[in-house]
Amino acid sequence: DAGVIQSPRHEVTEMGQEVTLRCKPISGHDYLFWYRQTMMRGLELLIYFNNNVPIDDSGMPEDRFSAKMPNASFSTLKIQPSEPRDSAVYFCASSYTSWGTEAFFGQGTRLTVV
Amino acid sequence: SQQGEEDPQALSIQEGENATMNCSYKTSINNLQWYRQNSGRGLVHLILIRSNEREKHSGRLRVTLDTSKKSSSLLITASRAADTASYFCATDVQEAAGNKLTFGGGTRVLVKP
């Protein structure tokens, strides 16, 4: 397996634009996590899915953020409208359902909102 | 909010020395995991210790867990320049419908050759 694949690797957009980040988890993994990493806040859990169902979205900063997982092999994180404070590295990770397993991370998407 | 807090935030040592970093957390956990992140890259899993375990080894890594104090430590022995990275602890917490994995703030480790 190629691992967790995120796209794009880099995204520069203007304030107010819609941004969509994409993630392909490892085949067979039941859990998918979205994280945001900044110097100020560290690595924040935004939302996670279990078998394509959103379980906990309490980390999503506000209504401008939304995440979907239409099937087991694809997830998106959308920001609409984007703001400069959304600039960060966004990571997707996946893992097996079974108790006590490691998470595999993608390479991240570096988002810059100008 | 972050479940784990790491200490120290940064650590600078000479090659060959040992590096120790600590993690404290707030709620009951299923397990605690340590990850490594090289600059500009994603996180890579290092080691997992279950809530009923007290110590675990993997190569030059030694992890301890004290659930009564809600704390863990990661020891890297005989450090190498290639160990320079940020290290994060992560807690796996059982929720009603799933397992939540949240990370601490990390420790930046610099190993000088």
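Any residue that is surrounded by 14 or more Cβ atoms within 10 Å (Cβ to Cβ), in contact (Cβ under 8 Å) with a residue 24 or more places away in the chain, within 14 Å of another protein chain (Cβ to nearest Cβ) and at positive phi - is there at least one of those in the range A:93-112? Yes, the range A:93-112 contains at least one residue that is surrounded by 14 or more Cβ atoms within 10 Å (Cβ to Cβ), in contact (Cβ under 8 Å) with a residue 24 or more places away in the chain, within 14 Å of another protein chain (Cβ to nearest Cβ) and at positive phi. Residue count for the range B:71-89, restricted to those that are closer than 17 Å to B:K56 by Cα and either touching a helix residue (DSSP H, G or I) at 6+ places or on another chain (Cβ under 7 Å) or among the acidic types (D, E) (or both): 1. Going by the structure shown, is A:P70 at pLDDT 95 or above, over 11 Å from the mean Cα position of the chain (by Cα) and farther than 19 Å from A:S94 by Cβ? For A:P70, the condition - at pLDDT 95 or above, over 11 Å from the mean Cα position of the chain (by Cα) and farther than 19 Å from A:S94 by Cβ - is not met. Within the bounds of the range A:9-30, is there any residue that is more than 13 Å from the chain's Cα centre (by Cα), charged (D, E, K, R) and in a strand (DSSP E or B)? Yes; the residues of the range A:9-30 include at least one that is more than 13 Å from the chain's Cα centre (by Cα), charged (D, E, K, R) and in a strand (DSSP E or B).
Please pick out the residue among B:R36, B:R41 that is outside any strand (DSSP E or B) and within 17 Å of A:A103 (Cβ to Cβ).
Details: B:R36 fails: outside any strand (DSSP E or B).
Residue meeting the stated conditions: B:R41.
Residues that are crowded, with 21+ Cβ neighbours inside 10 Å and in contact with a Lys or Arg (Cβ under 9 Å, 6 or more places away or on another chain) were ranked within the range B:26-47; the one that is farthest from B:E15 (Cα to Cα) is B:I29.
So that you can scan it fast, the table gives a plain yes or no per residue for (1) more than 14 Å from chain B (Cβ to nearest Cβ); (2) surrounded by 15 or more Cβ atoms within 10 Å (Cβ to Cβ); (3) within 22 Å of B:V93 (Cα to Cα); (4) not small (G, A, S):
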| residue | (1), (2), (3), (4) |
| --- | --- |
| A:R36 | no, yes, yes, yes |
| A:M40 | no, no, no, yes |
| A:L45 | no, yes, yes, yes |
| A:F49 | no, yes, yes, yes |
| A:N52 | no, yes, yes, yes |
| A:D57 | no, yes, yes, yes |
| A:F65 | yes, yes, no, yes |
| A:A72 | yes, yes, no, no |
| A:I79 | yes, yes, no, yes |
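From the list B:L110, B:L74, the one residue that fits, being assigned to a strand (DSSP E or B), surrounded by fewer than 22 Cβ atoms within 10 Å (Cβ to Cβ), hydrophobic (A, V, I, L, M, F, W, C) and away from every other protein chain (no Cβ under 14 Å), is B:L110. The residue list B:S71, B:S51, B:S39 contains one member that is over 30 Å from A:Q6 (Cα atoms), of a type in the set (S, T, N, Q) and at pLDDT below 95, which is B:S51.
The values are calculated or read from the model by the stated rules, or taken from the named source; none is laboratory data. From a predicted model like this one, the values you see are computed outputs, not experimental measurements. Every residue, glycine among them, receives a Cβ derived from its backbone with ideal geometry; neighbour counts consider all protein chains shown.
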